[in-house]
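Just so it is clear, none of the values below were taken in a lab; they were calculated from the coordinates. Every value quoted in this text rests on a predicted model; they were computed, and no experiment measured them. Here the Cβ positions follow ideal geometry from the backbone for every residue, glycine too, while neighbour counts run over all protein chains shown.
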Amino acid sequence: MDFDDNVILMESLKNGDEKAYKFLLNKFHRKLNAYALTLVNDHSMAQDIVQNVFLKTWKNRNKLNPEFSIQSFLYKSVYNEFINTYQQNKAMMLLQQKYVDSLQQVVETTDESSIERMLAIINKEIQNLPPKCQKVFILSKKEGLTNIEIAEHLEISIKTVEAQISKAFKILKEKLKDNYNMMLFLLFHSPQKEYSKL
């Protein structure tokens, strides 16, 4: 089948032809990644954007219109995904800064021995997480890997990675209760980084 023909490719995608999807990946992934990189200037974010575009294209393949160019559709989708990511990150950065500023005051008024005891409790609870959940959480929060990198490393889906990270935070929130917010600050903002010893 000639997938270079736009109409054939689009119709095949709509029909759920996985060969057509692989053709799409092989032909456009590198080009779209290069384009996304010009928008965000960050390799990990560019990869996430392109990955999301391909996943959404496949998920919503029944809405594809064979009369339009798949190439134009993909480039437009990457741009739209970039705008969404930028808006989300911008909002998150503002929230995070307020959160960090308020917790910084708490840390400054807490003595070092109390912080060390709290870090020990936090590390213990992380080690008590279910094995798969713990592994994903540490790769994400300790190693700083993206969800896509974790998925590839562990050979699981991105959805599974997201679910395991959410599960970890839910368990830790239940276990640590009032210390939960302090835990987030100490793990991700504290210069001591005791967490790295895990």
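Taking θ as phi - 60° and the Karplus parameters 6.51, -1.76 and 1.60, the scalar couplings of segment 136-141 work out to 5, 4, 5, 4, 6, 8 Hz in sequence order, x denoting glycine and proline.
Spacing of the modelled spin labels on PHE169 and LYS124, each 7 Å from Cα toward Cβ, amounts to 2.5 nm. Taking 18 Å as the limit for the C-alpha separation, the pairs LYS124/LYS173; LYS14/LYS59; LYS59/LYS159; LYS19/LYS59; LYS56/LYS159; LYS56/LYS141 exceed it in the case of LYS56/LYS141.
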